[in-house]
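**Q** Please read through the structure below; I'll follow up with questions.
The values are calculated or read from the model by the stated rules, or taken from the named source; none is laboratory data. These figures come from a predicted structure and were not determined experimentally. Glycine also receives a Cβ, built like all others from the backbone with ideal geometry; neighbour counts cover every protein chain displayed.
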Amino acid sequence: MKELFKLFFIFAKIGSFTFGGGYAMLPMIKRELAEKRDYVEEQEILDYYAIGQLTPGVIAVNVSTFVGHKRKGALGAIFSTAGMVFPSVVIITFIAALVSDFQEIAIVKSALSGIRLAVLAMIVKTVISVTKKGVIDRFTLVLMLVTLAVMLFGFPAALITVLSIFSGIVYKSVKGRVQK
Amino acid sequence: MTYLLLFAEFFKTGLFAIGGGLATVPFLFEIANKYPWFTKSQLTDMIAVAESTPGPIGVNMATYAGYSAGGVLGAVIATIGLVMPSVIVVLIVAKILEKFKDNKFVGFAFYGIRPAVAGMILAAWISLFQMCVINSSYTGLKDLFYLKELIIFLCLTLLCLKTKINPICYIILGAIIGIVFKL
């Protein structure tokens, strides 16, 4: 029971400081769940994240469900996800009820521009560590560069994920057979 | 009745919007067409608010739309509707993965998926960098970058790589810098 509430609060904390989508959330999840506690391994977070591209719904929610399930089964998944969405529900309801033109307030605009630069800097670190873990030989390097190129041309992420799974399986299977 | 409809519509959105928050937008447009809950121009405001408040964008959108349609209870119901399909599907996937995690082919699949994720995050970084630091109406190398933003970004990156600063403090620091330098 205690851990269930802990999961709720950890994800509420992450949800409160995630600006601008799933990528910004990775460093925080890593810090809270892999570094401060050993709830999950860093690699697992990235794997959850990748699977989240394929399953329906918001990626942040998918990741919280996965982590919660790993720790405490279905109940853990529900508590983690509830924690993740709780700050949004409170903050958005508050803004919808009381503040009009929230995004036009000058100080909010400045703060958001600053946050965006901070997120931009944080993602640099994420890219470095994700690349170190994923790019381990020539084939994976090519796969990363091709993904980068087609993403910039606007390919849907779900399709790329399916293709990368497929190419991983085919390449490894064929290579295994050739070596035999 | 409105609440039931709200739940059903957002459940559908959560089930079919694959790959991140902004994938919910086309579904919300459909809802705006079908029901009197919110208009299309309100929807544009919603996107702006959802992007400028903490939390996953898809969830923020559902809460905002639910609130416009049915007050606080509407906000809660729409949000539950949105996340419920993901929770169910992810639980099923997690159970399957648990069972097959030592399977050779699952390992091969992750071998392919990991570098692809690296590429996707780098692509997201590039488009964010373009939005924040690059002057879209540049005439030459001299005004290609927003200098103030570029310098702040470089300092922040250095700080991030060289220290183990807590990401939350970091976000707050970003907000303060934004306000102080009037970005």
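**Q** Within the stretch A:87-110, how many residues are surrounded by fewer than 23 Cβ atoms within 10 Å (Cβ to Cβ) and touching a Gly at 6+ places or on another chain (Cβ under 8 Å)?
**A** Here the count works out to 3.
**Q** To continue, here is another question. Let me spell it out: the conditions are (1) in contact with a Ser or Thr (Cβ under 7 Å, 6 or more places away or on another chain); (2) under 22 Å from B:Thr13 (Cβ atoms); (3) more than 7 Å from every other protein chain (Cβ to nearest Cβ); (4) at pLDDT 85 or above, and A:Met25 meets all of them except one. Which number is the exception?
**A** (4)
**Q** Determine if the stretch A:96-105 includes at least one residue that is of a type outside the set (A, V, I, L, M, F, W, C), within 24 Å of B:Val180 (Cα to Cα), facing chain B (nearest Cβ under 7 Å) and in a helix (DSSP H, G or I).
**A** Yes: the stretch A:96-105 contains one or more residues that are of a type outside the set (A, V, I, L, M, F, W, C), within 24 Å of B:Val180 (Cα to Cα), facing chain B (nearest Cβ under 7 Å) and in a helix (DSSP H, G or I).
**Q** Only residues in the stretch A:7-31 that are on the phi > 0 side of the Ramachandran plot and in the same structural domain as A:Ala74 (by TED's automatic domain parsing) count as the first member; pair them with residues that are surrounded by 22 or more Cβ atoms within 10 Å (Cβ to Cβ) and modelled with pLDDT of 85 or more, Cβ under 8 angstrom, at least 6 apart or cross-chain, and list the lot.
**A** Listed by first residue and then by second, the contacts come to A:Gly20/A:Ile115; A:Gly20/A:Arg116; A:Gly20/A:Val119.
**Q** Can I ask one more? Could we say that A:Ala60 is part of a helix (DSSP H, G or I), more than 17 Å from the chain's Cα centre (by Cα) and closer than 20 Å to B:Asn60 by Cβ here?
**A** The answer is no for A:Ala60.
**Q** Please enumerate the residues belonging to the stretch B:109-133 that are of a type in the set (Ser, Thr, Tyr) and more than 7 Å from chain A (Cβ to nearest Cβ).
**A** Residue satisfying the conditions is B:Ser127 alone.
**Q** Could you list, in sequence order, all residues of the stretch B:69-81 that are at the interface with chain A (Cβ under 7 Å from one of its Cβ atoms) and either surrounded by fewer than 24 Cβ atoms within 10 Å (Cβ to Cβ) or in contact with a strand residue (DSSP E or B) (Cβ under 7 Å, 6 or more places away or on another chain) (or both)?
**A** Of everything in the stretch B:69-81, those that are at the interface with chain A (Cβ under 7 Å from one of its Cβ atoms) and either surrounded by fewer than 24 Cβ atoms within 10 Å (Cβ to Cβ) or in contact with a strand residue (DSSP E or B) (Cβ under 7 Å, 6 or more places away or on another chain) (or both) turn out to be B:Val72, B:Val76.
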